[in-house]
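What follows is a single structure, written as structure tokens, with notes after it.
The values are calculated or read from the model by the stated rules, or taken from the named source; none is laboratory data. In this text, all values refer to a predicted model and were calculated from it rather than measured experimentally. Note: ideal-geometry Cβ built from the backbone for every residue, glycine included; neighbour counts use all protein chains shown. To get the accessible areas, we keep the full protein, side chains included, count just its heavy atoms, and leave off ligands, DNA and RNA. Shrake-Rupley method; radii C 1.70, N 1.55, O 1.52, S 1.80 Å.
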Amino acid sequence: MGRKFKIVVAETAGFCFGVKRAVNLANRAPNLYPDRPILTLGPIIHNPQVVAQLAAKGVKKAEDIDQLNSGVVIIRSHGITRQLAARLKEIPGLTIINATCPFVRRAQEIVARMSGRGYEVIIIGEPDHPEVAGLISYGCPERTRVITSPEEIPQSFFKQKKPPRIALLAQTTQPQELYNEIAGSLLPIKGELRCFNTICTATSDRQGEVLDLAGRCDCMLIIGGRNSANTNRLHQLSLTRQPRSHHIETASDLKPEWFSGVESVGISAGASTPQWLIDETITALDHL
Ligand code: SF4
């Protein structure tokens, strides 16, 4: 039985630049270091199928730095703290593959540079997120802070006798609107304000396209790991425009009844979903 509906795949579906780069580095590692244990610090991405594929090639997950010895370690795309990077360098014989996304690396460098020049560094982001923990670690502890809203800007900045010098940046996945709002709230300070827009548009572009597709398709499929926060967020957004939105991990989750009376199906996928899972889903839809 052939498929009776049109399929529209989002242009932004699947791996972002930083994740693609990290997974490529992990895939190449067994060929480059055939006789050595290869470990990632935590899961390289939040996708069980990719993690299982890599494990089958010998790239496994280390829970802790103590598990690392003279093998190879791969640093994930959202980076690690400066202190942890220094500890890794001290492990004799350990080869480090740094898969930190270049956009995250740039933000780390801004924190280090501006902190070194004596600026108060403000990072907009989720305080507990590993990327943010990495960013903070590059700053001077007394002058680096994380905020989540304009209300958290210290009022002392507006009253200090000596005008402050402030450097503002954000975790790469923060909403642009929040950055603009906080930058606007800081404008009245008497000192100096340097704004570094470190937001990566991969997330907002993907979310915008899902909303657009969900508004014009009769059914939506969002593909990605159940443990992937950005995939879950895409599903939630899709549901706001299209109640027939389904989060699947693989093609085996598809249910024929979802497509009864449907003329168009939109497909998107989280930043950690590989292209082959998207392709498998499309093939499976042909055989429903
Ligand atoms: S979302 Fe952007 S910053 Fe984060 S890994 Fe992907 S490309 Fe890099």
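What number of residues within segment 102-114 are more than 16 Å from the ligand (Cβ to nearest atom) and open to solvent by 10 Å² or more (accessible area, probe 1.4 Å)?
As a first pass, look at segment 102-114 and keep what is more than 16 Å from the ligand (Cβ to nearest atom): 112-114.
Now narrow it down to the ones that are open to solvent by 10 Å² or more (accessible area, probe 1.4 Å): 112-113.
Here the count works out to 2.
If you check L88, L84, L32, L25, which single one turns out to be within 16 Å of the ligand (Cβ to nearest atom) and of a type outside the set (S, T, Y)?
L25
In segment 249-279, which residues are under 21 Å from A22 (Cα atoms) and in a strand (DSSP E or B)?
Those that are under 21 Å from A22 (Cα atoms) and in a strand (DSSP E or B): S268, A269.
Return the pair list, or none, for Cβ contacts closer than 8 Å from residues in segment 194-221 that are under 16 Å from S245 (Cα atoms) and modelled with pLDDT under 95 to residues that are within 16 Å of the ligand (Cβ to nearest atom) and of a type in the set (D, E, K, R), at least 6 apart or on different chains.
So the pair list comes out as Q207/R233.
Are any residues in segment 172-203 open to solvent by 50 Å² or more (accessible area, probe 1.4 Å), more than 16 Å from the ligand (Cβ to nearest atom) and out of contact with any Ser or Thr (no Cβ under 9 Å at 6 or more places or on another chain), and if so, which ones?
Quick first cut of segment 172-203, residues open to solvent by 50 Å² or more (accessible area, probe 1.4 Å) only: 173, 175-177, 180-181, 187-188, 190, 192, 194-195, 197, 201.
Right, trim to more than 16 Å from the ligand (Cβ to nearest atom) and you get 177, 180-181, 187-188, 190, 192, 194-195.
Correct list: E177, N180, L187, P188, K190, E192, R194, C195.
If I go through segment 263-286 residue by residue, how many of them are loosely packed, with under 15 Cβ neighbours inside 10 Å and either small (G, A, S) or in contact (Cβ under 8 Å) with a residue 12 or more places away in the chain (or both)?
Initial filter on segment 263-286 (loosely packed, with under 15 Cβ neighbours inside 10 Å): 263-264, 275-276, 279, 283, 286.
If we keep only those that are either small (G, A, S) or in contact (Cβ under 8 Å) with a residue 12 or more places away in the chain (or both) as well, we get 263-264, 275, 283, 286.
Qualifying residue count, segment 263-286: 5.
Can H235 be described as open to solvent by 10 Å² or more (accessible area, probe 1.4 Å), part of a strand (DSSP E or B), in contact with a Gly (Cβ under 9 Å, 6 or more places away or on another chain) and not assigned by TED's automatic domain parsing to the domain that holds I124?
Details: open to solvent by 10 Å² or more (accessible area, probe 1.4 Å): yes; part of a strand (DSSP E or B): no; in contact with a Gly (Cβ under 9 Å, 6 or more places away or on another chain): yes; not assigned by TED's automatic domain parsing to the domain that holds I124: yes.
In short, no.
Determine the pairs where a residue that is in contact (Cβ under 8 Å) with a residue 24 or more places away in the chain and small (G, A, S), located within segment 153-179, has a partner that is more than 16 Å from the ligand (Cβ to nearest atom) and open to solvent by less than 30 Å² (accessible area, probe 1.4 Å) with Cβ atoms under 6 Å apart, the partner being 6 or more residues away or on another chain.
Going by the 6 Å Cβ cut-off, the qualifying pairs are A167/M114; A167/Y119; A167/V121.
What is the one condition in (1) under 21 Å from the mean Cα position of the chain (by Cα); (2) open to solvent by less than 10 Å² (accessible area, probe 1.4 Å); (3) away from the ligand (no atom under 16 Å from the Cβ) that I153 does not satisfy?
For I153, the failing item is (1).
Among the residues of segment 57-76, which ones are crowded, with 20+ Cβ neighbours inside 10 Å and either of a type in the set (D, E, K, R) or more than 20 Å from T100 (Cα to Cα) (or both)?
Within segment 57-76, R76 is the sole residue that qualifies.
Can you find even one residue in segment 45-53 that is within 14 Å of the ligand (Cβ to nearest atom) and open to solvent by less than 50 Å² (accessible area, probe 1.4 Å)?
yes
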